[in-house]
Amino acid sequence: MNLTSIPAFQDNYIWTLNDDDGHCVIIDPGEAAPVLAALAKNRWQPVAILLTHHHHDHVGGVKELCEKYPSLVVYGPQETQDKGATHIVSEGDRLPILGREFSVIFTPGHTLGHISYFSSPYLFCGDTLFSGGCGRLFEGTPEQMYESFQKLAELPDETLVCCAHEYTLSNLKFAHAVLPQDADIERYYREIKELRAKNGVSLPTKLALERKINVFLRTQETDLQRQLGFEIAPQHPWEVFALLRQKKDHF
């Protein structure tokens, strides 16, 4: 399989996964033009679209793509039914696409109906898990997002995290401010600063790396808790996550 990220808007990535015969699946096409250009350039034939949630920068291109390719199957959560989804999916569903199986994982927090798709090693997680960070809580609660992170944290180390935005540098700047003495975060922060200065792409990232540099995946560490002002372990594990997200919102 071949994974491609298509830049869109200011910092979005629309992902495509194609087989050797040129059949492809498109994930979260916020706009159609760059996708249509990539399809034409590579002579790909799209067979399906996967939607993670209902926000316009993830679904805006669905209508035009379906007009161009009427046989496209569009999978998405209930909240995308009026955004072009033809097949509503939910937690535990397994989708046969391109000779692979895509598992649906319910990951609310950013929106109430947000889902992610996993077909080893590829994780398409929309605006839930970012490299070095997590999505904003527009509709859900910190507890919901924390639980979503716990689900994704159970995936294998070699999982390729294909999130939908180039937020890595800003996320690492925040992580470095929270844990300024952390060698892994500092080292990767330097690497990403150099990469982005050259307009390099920081994604996909491996889950094994995220376990080291993503503070939202490290909320049970006592050193991080103390750094955030917890003198004793919090009663609920998601409280650390909530405080981190609050600090990031105002960073």
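For the range 1-36, residues that are more than 19 Å from the chain's Cα centre (by Cα) and within 19 Å of GLU166 (Cβ to Cβ) total 2.
Quick one: ILE88 ticks every box in (1) touching a helix residue (DSSP H, G or I) at 6+ places or on another chain (Cβ under 8 Å); (2) among the aliphatic types (A, V, I, L, M); (3) over 27 Å from ASP157 (Cα atoms); (4) in contact (Cβ under 8 Å) with a residue 24 or more places away in the chain except a single one, so which number is it? Going through (1) touching a helix residue (DSSP H, G or I) at 6+ places or on another chain (Cβ under 8 Å); (2) among the aliphatic types (A, V, I, L, M); (3) over 27 Å from ASP157 (Cα atoms); (4) in contact (Cβ under 8 Å) with a residue 24 or more places away in the chain one by one, ILE88 breaks only (4).
Would you confirm whether any residue within the range 144-159 is closer than 21 Å to GLU239 by Cα, in contact with a Leu (Cβ under 9 Å, 6 or more places away or on another chain) and of a type in the set (Ser, Thr, Tyr)? Yes, there is a match, as at least one residue in the range 144-159 is closer than 21 Å to GLU239 by Cα, in contact with a Leu (Cβ under 9 Å, 6 or more places away or on another chain) and of a type in the set (Ser, Thr, Tyr). Number of residues in the range 211-251 that are of a type in the set (Lys, Arg) and either crowded, with 19+ Cβ neighbours inside 10 Å or farther than 18 Å from THR128 by Cα (or both): the value is 4.
Taking each residue of the range 198-209 that is under 15 Å from GLY133 (Cβ atoms) and looking for partners that are small (Gly, Ala, Ser) and surrounded by 15 or more Cβ atoms within 10 Å (Cβ to Cβ) with beta-carbon atoms closer than 7 Å, six or more apart or interchain, yields SER202/SER131; LEU203/SER5; LEU203/SER131; THR205/SER131. Within the range 163-180, identify whether any single residue is over 19 Å from LEU228 (Cβ atoms) and touching a Pro at 6+ places or on another chain (Cβ under 6 Å), and answer yes or no. Looking through the range 163-180, none of the residues is over 19 Å from LEU228 (Cβ atoms) and touching a Pro at 6+ places or on another chain (Cβ under 6 Å).
Residue-by-condition table, conditions (1) touching a helix residue (DSSP H, G or I) at 6+ places or on another chain (Cβ under 8 Å); (2) crowded, with 20+ Cβ neighbours inside 10 Å; (3) in a helix (DSSP H, G or I):
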site	(1), (2), (3)
SER103	no, no, no
ARG136	yes, no, no
LEU152	yes, yes, yes
LEU172	yes, yes, yes
ALA175	yes, yes, yes
LEU209	yes, no, yes
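Has the range 229-236 got any residue that is of a type in the set (Gly, Ala, Ser) and either under 26 Å from PHE102 (Cα atoms) or part of a helix (DSSP H, G or I) (or both)?
Taking the range 229-236 first, the residues of a type in the set (Gly, Ala, Ser) are 229, 233.
If we keep only those that are either under 26 Å from PHE102 (Cα atoms) or part of a helix (DSSP H, G or I) (or both) as well, we get none.
No: the range 229-236 contains no residue that is of a type in the set (Gly, Ala, Ser) and either under 26 Å from PHE102 (Cα atoms) or part of a helix (DSSP H, G or I) (or both).
Of all residues in the range 80-101, exactly one satisfies the criterion of being touching a strand residue (DSSP E or B) at 6+ places or on another chain (Cβ under 9 Å), part of a helix (DSSP H, G or I) and charged (D, E, K, R), namely LYS83. The residue that is nearest to LYS212 (Cα to Cα), among those in the range 129-160 that are in contact with a strand residue (DSSP E or B) (Cβ under 6 Å, 6 or more places away or on another chain) and among the hydroxyl-bearing types (Ser, Thr, Tyr), is SER131.
Scanning the range 36-60 for residues that are assigned to a loop (DSSP other than H, G, I, E, B) and of a type outside the set (Ser, Thr, Tyr) yields a count of 7.
Quick one: which of PHE130, PHE138 is closer than 30 Å to HIS250 by Cβ and either at pLDDT below 95 or touching a Cys at 6+ places or on another chain (Cβ under 8 Å) (or both)?
Result: PHE130 is the single residue among PHE130, PHE138 that is closer than 30 Å to HIS250 by Cβ and either at pLDDT below 95 or touching a Cys at 6+ places or on another chain (Cβ under 8 Å) (or both).
One residue stands out among those in the range 111-122 that are surrounded by fewer than 24 Cβ atoms within 10 Å (Cβ to Cβ) and either under 12 Å from the mean Cα position of the chain (by Cα) or of a type in the set (Phe, Trp, Tyr) (or both): the one that is nearest to HIS53 (Cα to Cα), which is PHE118. So, GLY132, is that one under 16 Å from THR52 (Cβ atoms), crowded, with 20+ Cβ neighbours inside 10 Å and of a type outside the set (A, V, I, L, M) or not? Here the answer is no, as GLY132 does not meet what is asked. The set of residues in the range 220-242 that are within 25 Å of the chain's Cα centre (by Cα), farther than 14 Å from LEU179 by Cβ and of a type in the set (A, V, I, L, M) contains only ALA242. Scanning the range 177-188 for residues that are of a type in the set (D, E, K, R) and surrounded by fewer than 19 Cβ atoms within 10 Å (Cβ to Cβ) returns ASP184, GLU186, ARG187.
The values are calculated or read from the model by the stated rules, or taken from the named source; none is laboratory data. Small disclaimer: the values here were computed from a predicted structure and weren't measured. Ideal geometry is used to build each Cβ from the backbone, glycine not excepted, and the neighbour counts take in all protein chains shown.
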